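See structure below.
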Amino acid sequence: MAAGVSWRTRPITPNVGATVEGLDATRVGEADAQDLRAALDEHKVLVFRGQQLSSAQYIELVRVFGEPVVDDLDPHEGHPPELDRKSTRLNSS
């Protein structure tokens, strides 16, 4: 994690998964995005607890990790199409 980052990860198990603590997921800048991608690479699964995100904010958080890929062929009526997507193509950066 870069110097000055105000959030941290806490491992869930010794081998996989971490909870992201202290991050306001509605305000993820490029430095945070880079560190989140590095944390995902290290822990393989990230959990963001207690976030109150609108649909649009959720989509923006997902895009930190890559562009959503359509996997769900049965979209949910009334939801933005991005919320029906279950995976992302990871950014190459």
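The values are calculated or read from the model by the stated rules, or taken from the named source; none is laboratory data. Everything quoted here is computed from the prediction, not taken from an experiment. Quick reminder, even Gly has a Cβ in these numbers, built from the backbone with ideal geometry, and neighbours come from all protein chains shown. Ligands, DNA and RNA are excluded from the accessible area calculation, which covers all protein heavy atoms including side chains. Shrake-Rupley method; radii C 1.70, N 1.55, O 1.52, S 1.80 Å.
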Any hit, the range 77-85, residues being of a type in the set (Lys, Arg) and modelled with pLDDT under 85 = yes
ask   = Restricted to the range 55-70, and to residues that are part of a strand (DSSP E or B) and surrounded by 13 or more Cβ atoms within 10 Å (Cβ to Cβ), which residue is modelled with the highest pLDDT?
value = GLY66
message = Here is a list: GLN34, GLN52. Which entry is at pLDDT 95 or above and open to solvent by 100 Å² or more (accessible area, probe 1.4 Å)?
response = GLN34
query = Between a first residue in the range 26-43 that is more than 9 Å from VAL64 (Cβ to Cβ) and a second residue that is among the acidic types (Asp, Glu), which pairs have beta carbons less than 9 Å apart while being 6 or more apart in sequence or on different chains?
reply = THR26/GLU60
